[in-house]
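Comments concern the structure below.
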Amino acid sequence: MTRTAPLFTKVALIGVGLIGSSLAHAMRRGSLAAHIAGYAPSEKTRARAAELGFCDSMHATPADAARDADLVILCTPVGALQAAAEAIAPSLKPGAILSDVGSVKTAVIRDVGPFVPQGVHFIPGHPIAGTEHSGPDAGFAELFDGRWCVLTPVAGTEEAAVTKLTEFWRGCGSRVEVMDSKHHDIVLAITSHVPHLIAYNIVGTAADLEEVTSSEVIKFSAGGFRDFTRIAASDPTMWRDVFLNNREAVLEVLGRFSEDLSALQRAIRWGDGDMLFDLFTRTRAIRRSIIDAGQDTAAPNFGRNVKK
Ligand code: NAP
């Protein structure tokens, strides 16, 4: 869609790593902001972001970046959101929308909510899109295309602000869904957080196996293990913060997961092939429906290039 005027006059990105820089690229592509201001704590990231040029201005403090912005998006690890919110609070202008991209939502409402000044619309958000890469070089405009972005406004949030943020995410290529933060956290625990924990665990276990040398793990890493290593390469800070801040939902899903794993263990021990076959048939159908929903590709090797 071509726009006659940008949706926002000034958008501030507090954090310009994978998600922040991708947002900047997507905003440029969609002409969504007349000015994009960025902040990162390290001089190195600020210098690199300035070099890449996806922001119109880079700032050494979050308050400077957020000043006079119509939309401020916190794009830091979840554990840093509270301090960022506290730092920008005095420079947020009345009527501005404050949002974030954190992978958990109830803890973000708890941490950021108390610092939101009267007259500022706080609408937490989470784009369900990402890669295992981080930093300002990792971003690209197409990251959000066709992906869902979940907004979790608290009760009493002005509808017009939610509509405007929805338009923003649609302009970045996303599909948008609004849901309660607790529901978001349990859905993401099962679809993203626990799968990441399983990947971290299996790669850790393989690395610790004394009977198998690490060179064999690398040499014979066929499909299954190799795909786990890709997930287990995800950013340690981000994922530490996700588990510390979505503790209840993750523990609930893990409890259920452990029970189901024990049932599988029993089926293998007692030679219950029917149970294994039934489960694998059901899970194959789930994979099919994910592809049909356009959330992944059926191409060999998950669409990645194979080095010959
Ligand atoms: P990233 O690439 O590591 O970027 C993080 C950014 O935050 C960097 O600009 C970093 O600046 C800054 N930052 C780090 N610590 C900070 C602190 N204490 N105070 C202020 N700024 C700080 O991370 P990302 O993948 O973009 O993730 C950002 C957020 O998006 C996280 O909350 C994550 O949960 C969420 N998310 C991630 C994904 C994903 O797949 N990666 C998907 C959806 C949502 P420096 O470089 O200067 O340290």
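Brief remarks follow.
- Sorting Met27, Met238, Met179 by the number of Cβ atoms found within 10 Å of their own Cβ, with the fewest placed first, yields Met179, Met238, Met27.
- Likely footprinting exposure, Thr166, Thr61, Thr283, fewest C-beta neighbours within 10 Å first: Thr283, Thr61, Thr166
- Stokes-Einstein D for the range 204-308, Kirkwood Rh over Cα pairs, 10 °C, 1.306 mPa s (µm²/s): 92 µm²/s
- The slack between Thr61 and Glu132, meaning 0.36 nm per residue of separation minus the straight C-alpha distance, is 22.9 nm.
- The range 238-285: radius of gyration over Cα atoms, expressed as a fraction of 2.2 N^0.38 Å: 1.54
- Taking each DSSP H run with n ≥ 4 as -39500 (n - 2.57) and averaging over every residue of the chain yields -14500 deg cm²/dmol at 222 nm.
- Virtual spin-label span in nm between Arg266 and Ala299, 7 Å along Cα→Cβ: 4.3 nm
- Over the C-alpha trace of the range 43-189, radius of gyration and Dmax come out as 14.9, 41 angstrom.
- In the chain the Cα-Cα distances spread across 20 Å bins starting at 0 as 29, 54, 16, 1 percent of all pairs.
- Whole-percent P(r), the range 53-128, all Cα pairs, 10 Å bins from 0: 20, 56, 23, 1.
- Computed on the Cα atoms alone, the convex hull of the range 181-245 gives a volume of 88 cubic angstrom per residue.
- At least 24 Å along the helix axis (C-alpha) and Kyte average at least -0.5, DSSP helices within the chain: 247-269, 273-292
- Computed over the chain with a Gaussian network model linking Cα atoms closer than 10 Å, the most mobile of Pro77, Pro124, Pro94 is Pro94.
- Convex hull projection area averaged over all views, the range 134-231, Cα basis, nm²: 9.0 nm²
- Projected label points at Ala5 and Lys93, each 7 Å from Cα along the beta carbon direction, are separated by 1.3 nanometres.
- Residues with amide H under 5 Å from that of Phe122, placed H, sequence gap 5 or more: Leu98
- For the range 28-68, the equivalent ellipsoid built from the Cα gyration tensor has semi-axes of 18, 14, 6 Å, listed from largest to smallest.
- Look at Leu98, Leu188 and count the other Cβ atoms within 10 Å of each Cβ; fewest to most, that gives Leu188, Leu98.
- For the chain, modelled as a GNM whose springs connect Cα atoms under 10 angstrom apart, the maximal fluctuation among Gly15, Gly273, Gly130 occurs at Gly273.
- Placing R0 at 30 angstrom, the Cβ-Cβ distance between Phe277 and Arg29 gives a FRET efficiency of 0.05 after rounding to 0.05.
- Given their separation in residues at 0.36 nm each and the Cα-Cα distance between them, Ser214 and Glu51 gain 54.8 nm when the chain is fully extended.
Where a number appears in this text, it was derived from the coordinates with a stated rule and is not lab data. Every value quoted in this text rests on a predicted model; they were computed, and no experiment measured them. A quick note on method: Cβ atoms are made from the backbone with ideal geometry, for glycine too, and the neighbour counts reach across all protein chains shown.
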